[in-house]
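Let me begin by presenting the structure, written as structure tokens, before commenting on it.
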Amino acid sequence: MRADRSTEKEVMAVLDAVNEALEHRDLDATLALFARHPEVTLVGSEEGETATGPSELRSFVERLLARPGTFRFEWRSCTVSARGDVAWFFADAIAHYTENDHVAPVAYRTTGVLEREENHWLFAQYHGSEPVRQET
């Protein structure tokens, strides 16, 4: 079920907040975007990038923010669906990893499930992946 325009804007605001938090290396702001229940899950695109529960999520984000560069996503398209207090999305993006003056753009796809808690959308599940390039 396609989300209404208001829900779509709110979910996109959460995705934009991810960029803001990551670019500023703000651990607390990043973690504040995720639900605090034991089933909260993040799966990144690299081997070993999985976290379930608030403790593992904190450790994952700490490692991510300790890298020498910063991350930012350029959202090329995003489809948001919702039912009640649950929304899910698929976003096609370019992930930009910036270290010093070097920017490495990579095609990126992300999906997620968000839950509305006290009028805020929070990630219950987040998954990101880099599509494999076809050899021509």
Q: Would you mind finding the one in Glu74, Glu46, Glu62 that is over 21 Å from Pro131 (Cβ atoms) and open to solvent by 30 Å² or more (accessible area, probe 1.4 Å)?
A: Glu62
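Give Ala93, Ala87, Ala124 a once-over and let me know the one that is without any contact (Cβ under 8 Å) to a residue 24 or more places away in the chain, in a strand (DSSP E or B), out of contact with any Pro (no Cβ under 7 Å at 6 or more places or on another chain) and open to solvent by less than 30 Å² (accessible area, probe 1.4 Å).
Numbers: Ala87 fails: without any contact (Cβ under 8 Å) to a residue 24 or more places away in the chain; Ala124 fails: without any contact (Cβ under 8 Å) to a residue 24 or more places away in the chain.
After applying the criteria, what remains is Ala93.
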Q.
Restricting to region 103-116, count the residues that are loosely packed, with under 14 Cβ neighbours inside 10 Å and either of a type in the set (A, V, I, L, M) or modelled with pLDDT of 95 or more (or both).
A. 3
Q | Candidate set from region 17-31 (those that are within 22 Å of Ala91 (Cα to Cα) and in contact with a strand residue (DSSP E or B) (Cβ under 8 Å, 6 or more places away or on another chain)); member that is surrounded by the most Cβ atoms within 10 Å (Cβ to Cβ) | A | Val18
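Condition check ((1) out of contact with any Lys or Arg (no Cβ under 7 Å at 6 or more places or on another chain); (2) of a type outside the set (A, V, I, L, M); (3) part of a strand (DSSP E or B); (4) touching a residue at least 60 places away in the same chain (Cβ under 8 Å)) across all residues:
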| residue | (1), (2), (3), (4) |
| --- | --- |
| Val18 | yes, no, no, no |
| Ala29 | yes, no, no, no |
| Pro38 | yes, yes, no, no |
| Ala51 | yes, no, yes, no |
| Ser55 | yes, yes, no, no |
| Ser59 | yes, yes, no, no |
| Leu64 | yes, no, no, no |
| Arg76 | yes, yes, yes, no |
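The values are calculated or read from the model by the stated rules, or taken from the named source; none is laboratory data. A quick note: this is a predicted structure, and the numbers were derived from the prediction, not measured. Quick reminder, even Gly has a Cβ in these numbers, built from the backbone with ideal geometry, and neighbours come from all protein chains shown. Remember, those area values only see protein heavy atoms, side chains included, never the ligands or the DNA or RNA. Shrake-Rupley method; radii C 1.70, N 1.55, O 1.52, S 1.80 Å.
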